[in-house]
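Structure first, commentary second.
The values are calculated or read from the model by the stated rules, or taken from the named source; none is laboratory data. In this text, all values refer to a predicted model and were calculated from it rather than measured experimentally. Here Cβ is always computed from backbone atoms with ideal geometry, including for glycine, and neighbour counts include all displayed protein chains. The protein model used for the area step is the full one, side chains on, heavy atoms only, and it has no ligands, DNA or RNA in it. Shrake-Rupley method; radii C 1.70, N 1.55, O 1.52, S 1.80 Å.
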Amino acid sequence: MVAGATAIEARNVVKTFGSGSEAFNALDNVSVTIRQNEFFTLLGPSGCGKTTLLRMIAGFELPTSGEIMLDGQPVAHLPPFKRQVNTVFQSYALFPHLTVAQNIAFGLEMLRRSKSEIDAQVDKMLKLVQMEPMRNRRVNQISGGQQQRVALARALAPHPKVLLLDEPLSALDLKLRKGMQIELKRLQMETGITFIFVTHDQEEALTMSDRVAVMSKGKILQIGTPTEIYERPSDRFVADFIGETNFTQAEVLERQGDEGRLRLCSGVEIVQQINSLAGIGDKVTLAIRPERIELAPHDDACQFSGTVQNVVYFGTDTTYHLNIQGGGHMTVRLQNRWGHQSVLQAGDEVGLRVPPEAMQVLKD
Amino acid sequence: MSEVTAAGETLTATNIMRRGRRPRFDVKHQPGFGFMAVLCVLMLYGPIVLLVTYSFNQNPSITIWTSFSFDWYVKAYHNEQIRDAAFLSLKIAFFASLASTCAATMAAIATTRVKPYRGLTLAYTIINQPLMVPEIVTGIATLVFFALIKQMTGIYGLGYLITAHIVFCIPFAYMPIRARLEDMDLTYETAAADLYATPWQTFKRITFPMMIPGILGGAMLAFVISLDDVVITVLVSGPGEETFPLYMIGAIRRGVTPELNAVATAFLCLSALLVTVFFLVTRKKKE
Amino acid sequence: MAATSSDAPVQETGLSRPELASRANDRAAMRRRLMLLAPAVLIITICGLAPLSIVLAYSWMQPAEYAGVIPQFSPDAWINLAFERDLFSDELLPNFAYYSIYARSIMMAGMTTLLALAVGFPTSYFIATRAPHRRNLWLFLITIPFWTNLLIRTFAIMLILRDEGVLNVILLKLGIIDTPLQLLFTNWAVSYGLAYAYLPLMVMPLYASMEKLDFRLVEAGYDLYASRFQVLRRVIIPLVKPGIVAGSILCFIPAIGDYVITSQLGGGKRMMLGTLIAMQFGPARNWPQGSAIALGLMIIVLIALFIYAKKVVARSNMR
């Protein structure tokens, strides 16, 4: 382990709530290493354990077993106020009895910093989040977006080693949310602080993060850059949770190292990378993104053929729902780069062409 | 396993948990507050428990416990002075709670679930007025007022004391009845009206039966409040009207007897019982 | 006559037929309400408010020799609140006897409030942080004594504090003291008794505001390096301040006007406002004086209630 490069490390963390027959693992042997200056996102549906992991790093939950390392030091036993970690809470949790500036100064005051240092840091933070004119307002006199900025400034003011963000954008409307996504990324670059961001919104995760960990049922399923997560999902859950995906079955006919010859449901045979342990005769699942499929008149270059079931126009693109020959359905999304040209109609027969690298074999 | 002591030594959550040393960091916890809560309950109940215990002590001495007995209760019952004082207080409480509950029920109907009208705030203020004036002030004011009336009319009797009780019982009877009414959904009454019930029928068949828990609660609270009162009772009672508080003040002055413990315990239990029933009757059955 | 909407069918009166009908209904409903309100309002007005105005009138009259008043104007009772007339020179001198009673009343009520706050604050916080079904049980436990006779509870305290009471007997038996300590009829006894009696009045409003306490803010405090004590001082106490103010006022008001506990646990000597008023109507037979003091007490209480309404009610409406 290179201590200098690692900000936070979770080692075999298990968190069990309840006991006996009602026991339930909120975190099931989770290990993850988060680097310094990284924008790291924990992504997953509600109840997947991402918030539990975040609260454990903050110090509000204790692991049932395992350890949390901050800067190479074990911290699982430390109370929250002894960790150089700050949180931007989902509800912001701004102190209603204090002004904007007083809220930002709170952490520094608790650390008994000098008055001049606190004043300077508060000014700096107010400037950083562009809230200088609001410094003497009460927190219930400012808008939701402004509260969000104050919550960020308050958590950043003590310059923590790690900043935890617990779905901080979920209370904002769509437009503000988009703006804050860019803003958050900027703040992370400017301050150089490690951000750990928790969300269930895959778009947020993909647009802001350096790396993403996809979680489900207390386990981390895949860790990778947004591109890796999207383009190379390791399993069915990841592929399904992030973006839209078509799943189709294939049978392994031959195998040579990582490569294998597969027979698709359409009967077409292809050669593909197989990372899983599937042997000859086994069924594997292929994931294909709807926007990677081309529609064409049926010919030999097509891997599938099908019948158009319906056509849905979305403005930027048009989605075709198809019944695939040999079983199953697929969704194809075509960009309306030259305007919507509704050549195809329900009932039309078409061929589907998929580049080999767009077909990802999942480990089942 | 090595002893976990100095900071910097490798600590893992696992061995801490195994030793049961450190529970989860509880944000709600404040050290010593649980102790204070227990102390608070002890402070509230200590004297009461002592009183109750003594009332069952066969030995008249307060400091020596001989054996459990009901002797003092029997003695207190046969003491005519105690019995008369106790029954007088119960009688006053009965009539005061009856009258105040009727008045409070009517007032609650007129002030709850209505569009705000002129005088509504005034009505609230008047009904709650007895709660805002210190008891001693109410006591002497009532004393002065009744003295004037007695002088003018020449009429004497228990009615004065009962009336004084009715006044301060009304706001207490009013509270639970009003709370009950406010919890009641107007749709039942609307439905009844839709099914051809006249306003009077609606009241008799729907509103009133639904109000009963509130009314019972109000009556019980009024009864308890009347029994509890000392200041106004002491100041307003006329000659020959020795209520229980008056008897007790006299008895304390003369020197405490174990019978006093017994009768005090009986009153205490009656109040506690009524309040318990009150809580059960008016408890909201949500959740 | 009220203006009606322009598109309604306008008749001579300026009101449409349904509007007239609804007005008649409103009038009937109003009459019904007044009849329902009458008993409660009349009895409180006649036997609660009217007596207060008589007290006001009496406070400006001369005392009769054997209780009662002589209906002649005299500001003496009010002047006496602050000054006493020298018997010989007729000079007005500061009424130190009364000053010390005011001071003691305020001090005792203040001490009571502080004591109740010291016990009540941790207790309410503890209750508010229990599981919901446990909270009701705790609250029930705290409130039950409040609904029992104050004289009986005071009597129970006397059993402990008397010369031959439990405390002294235990101390004597243990050999810590040789002669019984004078515990009863002291300021401490009164203060303890008052705090004991009015503790539930402190706990209830405190609990009400602590129950609403947003513990995410407490979490934020810990996250920002505040220790347990700092979180208490900088986050929890400011947030439940309305409850603290409400509890203190609700505790202070009955304490300053108390009669039962002061007279029983304080003995006749430890005079406070309540006992002073009672004395004027009893042995001292000076009704105008008693009336003036009583009204003075009421003014204090009304000021406290006014602060309560301004600070607590207004703020809770704002949130």
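Checking C:S22 against (1) surrounded by 12 or more Cβ atoms within 10 Å (Cβ to Cβ); (2) modelled with pLDDT of 85 or more; (3) within 14 Å of another protein chain (Cβ to nearest Cβ): exactly one of these is not met. Which one? Answer for C:S22: the failing condition is (2). For the stretch B:130-152, does any single residue satisfy the condition of being in contact (Cβ under 8 Å) with a residue 12 or more places away in the chain, more than 30 Å from C:P71 (Cα to Cα) and part of a helix (DSSP H, G or I)? Scanning the stretch B:130-152, I find at least one residue that is in contact (Cβ under 8 Å) with a residue 12 or more places away in the chain, more than 30 Å from C:P71 (Cα to Cα) and part of a helix (DSSP H, G or I), so the answer is yes. Residue pairs whose Cβ atoms lie under 9 Å apart, sitting 6 or more positions apart in sequence or on different chains, and linking a residue in the stretch A:16-33 that is at positive phi to a partner that is modelled with pLDDT under 90, are A:G18/A:F24. Every listed requirement among (1) open to solvent by 60 Å² or more (accessible area, probe 1.4 Å); (2) in contact (Cβ under 8 Å) with a residue 24 or more places away in the chain is met by A:K127 save one, (2). Taken over the stretch C:192-243, the criterion of being within 13 Å of chain A (Cβ to nearest Cβ) and under 30 Å from C:M271 (Cα atoms) is satisfied by no residue.
Just so you know, in the stretch C:162-191 the residues that are facing chain B (nearest Cβ under 9 Å) and surrounded by 16 or more Cβ atoms within 10 Å (Cβ to Cβ) include one that is nearest to B:M43 (Cα to Cα), and it is C:V166.
C:L87 falls short on exactly one of the conditions (1) at pLDDT 85 or above; (2) not assigned by TED's automatic domain parsing to the domain that holds C:Q289, and that condition is (1). Only residues that are over 21 Å from the mean Cα position of the chain (by Cα) and free of Cβ contacts under 8 Å to residues at least 40 places away in the same chain: list them for the stretch C:103-128, please. Once the filter is applied, which keeps residues that are over 21 Å from the mean Cα position of the chain (by Cα) and free of Cβ contacts under 8 Å to residues at least 40 places away in the same chain, the stretch C:103-128 yields C:P122, C:F126. Tell me, yes or no, whether the stretch A:351-361 has at least one residue that is within 27 Å of A:T227 (Cα to Cα) and free of Cβ contacts under 8 Å to residues at least 60 places away in the same chain. The answer is yes, given that some residue of the stretch A:351-361 is within 27 Å of A:T227 (Cα to Cα) and free of Cβ contacts under 8 Å to residues at least 60 places away in the same chain.
If you check A:D317, A:D235 for being modelled with pLDDT of 85 or more, open to solvent by less than 70 Å² (accessible area, probe 1.4 Å), of a type in the set (D, E) and not assigned by TED's automatic domain parsing to the domain that holds A:A358, only one passes: A:D235.
Do we find a residue being in contact with a Lys or Arg (Cβ under 9 Å, 6 or more places away or on another chain) and part of a helix (DSSP H, G or I) anywhere in the stretch B:231-242? For the stretch B:231-242, residues in contact with a Lys or Arg (Cβ under 9 Å, 6 or more places away or on another chain) and part of a helix (DSSP H, G or I): absent. Looking at the stretch B:222-242 only, could you name the residues that are under 24 Å from the mean Cα position of the chain (by Cα) and away from chain C (no Cβ under 11 Å)? Within the stretch B:222-242, B:A222, B:S237, B:E241, B:E242 meet the criteria. Between C:S248, C:S263, C:S227, the distinction of being over 30 Å from B:E135 (Cα atoms) and open to solvent by 20 Å² or more (accessible area, probe 1.4 Å) belongs to C:S227 only.
Residues that are within 27 Å of the chain's Cα centre (by Cα), over 29 Å from A:E9 (Cβ atoms), touching a residue at least 40 places away in the same chain (Cβ under 8 Å) and surrounded by fewer than 20 Cβ atoms within 10 Å (Cβ to Cβ): does the stretch A:169-185 have at least one? Within the stretch A:169-185, one or more residues are within 27 Å of the chain's Cα centre (by Cα), over 29 Å from A:E9 (Cβ atoms), touching a residue at least 40 places away in the same chain (Cβ under 8 Å) and surrounded by fewer than 20 Cβ atoms within 10 Å (Cβ to Cβ).
Note on the stretch A:109-146: residues that are within 14 Å of another protein chain (Cβ to nearest Cβ) and more than 20 Å from A:K185 (Cβ to Cβ) amount to 12.
Only one of the numbered conditions (1) within 21 Å of the chain's Cα centre (by Cα); (2) surrounded by fewer than 21 Cβ atoms within 10 Å (Cβ to Cβ); (3) more than 14 Å from chain C (Cβ to nearest Cβ); (4) small (G, A, S) is not met by A:G49, and that is (2). Checked against (1) free of Cβ contacts under 8 Å to residues at least 12 places away in the same chain; (2) under 28 Å from A:G44 (Cα atoms); (3) charged (D, E, K, R), A:D300 passes all but a single condition, namely (2).
Going by the structure shown, is C:R130 open to solvent by 70 Å² or more (accessible area, probe 1.4 Å), under 30 Å from C:E211 (Cα atoms) and not β-branched (V, I, T)? So C:R130 passes the test.
Against the test of being at negative phi, loosely packed, with under 15 Cβ neighbours inside 10 Å and within 7 Å of chain C (Cβ to nearest Cβ), the options B:P116, B:P31, B:P47 yield a single qualifying residue, B:P31.
Filter the stretch B:237-246 for residues that are open to solvent by 10 Å² or more (accessible area, probe 1.4 Å) and either farther than 14 Å from C:S263 by Cβ or in contact with a Gly (Cβ under 9 Å, 6 or more places away or on another chain) (or both) and give the result. Listed by number, the residues that qualify are B:S237, B:G238, B:P239, B:G240, B:E241, B:E242.
Could you check, for the stretch A:93-108, whether at least one of its residues is within 19 Å of C:P238 (Cβ to Cβ), open to solvent by 10 Å² or more (accessible area, probe 1.4 Å), within 13 Å of another protein chain (Cβ to nearest Cβ) and in contact (Cβ under 8 Å) with a residue 60 or more places away in the chain? The answer is yes; a qualifying residue exists. Restricting B:G154, B:G159 to residues that are over 24 Å from the mean Cα position of the chain (by Cα) and open to solvent by 30 Å² or more (accessible area, probe 1.4 Å) narrows the list to B:G154. Of the residues making up the stretch B:189-198, those that are part of a helix (DSSP H, G or I) and loosely packed, with under 14 Cβ neighbours inside 10 Å are B:T190, B:A191, B:D194.
For (1) surrounded by 14 or more Cβ atoms within 10 Å (Cβ to Cβ); (2) without any contact (Cβ under 8 Å) to a residue 40 or more places away in the chain; (3) of a type in the set (S, T, Y); (4) under 16 Å from B:I140 (Cα atoms), each residue gets a yes or a no:
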{"site": "C:L36", "(1), (2), (3), (4)": "yes, yes, no, no"}
{"site": "C:S59", "(1), (2), (3), (4)": "yes, no, yes, yes"}
{"site": "C:E65", "(1), (2), (3), (4)": "no, no, no, no"}
{"site": "C:P71", "(1), (2), (3), (4)": "no, yes, no, no"}
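Just one of the listed residues (A:S46, A:S65, A:S91) is modelled with pLDDT under 95, closer than 24 Å to A:G145 by Cα and touching a helix residue (DSSP H, G or I) at 6+ places or on another chain (Cβ under 8 Å), namely A:S91. For the stretch A:334-364, a residue qualifies if it is modelled with pLDDT of 85 or more, more than 21 Å from A:L264 (Cα to Cα) and assigned to a strand (DSSP E or B), and the qualifying residues are A:L334, A:Q335.
For the stretch A:69-92, a tally of residues being more than 25 Å from A:M208 (Cα to Cα), open to solvent by less than 20 Å² (accessible area, probe 1.4 Å) and not in a loop (DSSP other than H, G, I, E, B) returns 1.
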